[in-house]
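Worksheet: one structure, shown below.
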Amino acid sequence: MSVFEMGYFLLLVILFLGGLAFFFYPVEEKEYHLTELENYQKEIDSLKLEEEIKRQERKKVSFNPNFISDYKGYILGMSVEELDRLHAYRKKGLWITSAKDFQKVTQVSDSLLNAMIPLFLFPEWSVKSRNLRTVSIHRIKKDLNFVSAEELIGTCKIPDFIAERIIKYRDKLQGFLADEQLEEVYGLYKWQRENILKLYTVKQKKTVQKINVNKATVEELLTVPYFDFETAIQIREFIEENKSISELGELRGIEGFDRFKINRIALYLYAD
């Protein structure tokens, strides 16, 4: 056997022994301890929960909506655009004194506003100012129960026939008990009604002795402006069939009685 052949043979032997050693030699595998991993994950979850609790607590702190920082706005859920509107408004030297003002300026959604309202803390001077402004506006307005058709035509730009219709309807009711009764005037548009209510409101109204619908006679029911004889009979029969009612809302069982009508007759009736 030549030297070359001997070398070649030794190489094969070495390779063979190396393969056997690699195959049979136990490879030390890294063991993963599941318990440690679970504990680690629990620790992470605990930290996340703690941070979330702190975030929620920060959200519950009352604040003046005139001074909302970018960070505070982010925590509350406000968008960048909503915050920019607020900051631009404040830079003009203007103040927000109510939740309505806040929504008007920032344009936040109703759902977000409702979540924020319990946290709003307006300064005392702004609350007093808002209350005084409301009282002043009420004092400036004239009494809707004493306005003439000529005044409605001149000051509110109401057509003469509509103005006359308002006065006639007021006489039929023997005076308005609430501003909302203007909605019942046929042909009066919403914008016309709003124009009237900017200048007039119900101040002096007749004293109404409310009637217990459970004990009312047909004659007594006829004193309610919204009832005719047929309606009075229907109510009386409905009460007798049901023995009595605990609230006026139950009158919806009578055809033609919707929420709108029940709200109106609540000015004259009650259930006991």
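Which of the peptides 192-204, 218-230 is most tightly packed, and how do the rest follow, judged by the mean count of other Cβ atoms within 10 Å per residue? Write down the numbers at each step before the final one.
Details: 192-204: 16.4, 218-230: 14.8.
Result, highest mean Cβ count within 10 Å first: 192-204, 218-230.
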remark   = Lys and Arg at +1, Asp and Glu at -1: neighbours of I96 with Cβ under 10 Å from its Cβ sum to +2
request  = Heavy atoms only, probe 1.4 Å: what % of the accessible area of the stretch 127-262 goes to carbon and sulfur, would you let me know?
outcome  = 51 percent
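Count charges around I68 for me, please; just the other residues with Cβ under 10 Å from its Cβ, Lys/Arg as +1, Asp/Glu as -1. Could you put the intermediate results ahead of the total?
On the way: positive: K72, R90; negative: D70, E82.
It works out to a net charge of 0.
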query = Roughly what would the spin-label model give for F260 and E194, points 7 Å off Cα along C-beta, in nm?
reply = 1.8 nm
ask   = At what distance in nm do the modelled label points of T223 and Q209 sit from each other, each positioned 7 Å from its Cα along Cα→Cβ?
value = 0.6 nm
remark   = Once Lys and Arg are counted +1 and Asp and Glu -1 for all other residues with Cβ under 12 Å from that of F229, the total becomes -2
ask   = Using a 1.4 angstrom probe and counting only protein chains, how large is the accessible area of S111 in Å², to 10?
value = 90 Å²
task = Would you list the P(r) distribution for the stretch 155-217, with all Cα-Cα distances sorted into 5 Å bins from 0 and each bin expressed as a whole %?
result = 3, 16, 25, 23, 14, 8, 6, 4, 1, 0
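The values are calculated or read from the model by the stated rules, or taken from the named source; none is laboratory data. Because the structure is predicted, anything quoted here is derived from the model rather than measured. Virtual Cβ from ideal backbone geometry, glycine too; neighbours counted across all protein chains shown. Heads up: the accessible areas ignore ligands, DNA and RNA and are worked out on the full protein's heavy atoms, side chains in. Shrake-Rupley method; radii C 1.70, N 1.55, O 1.52, S 1.80 Å.
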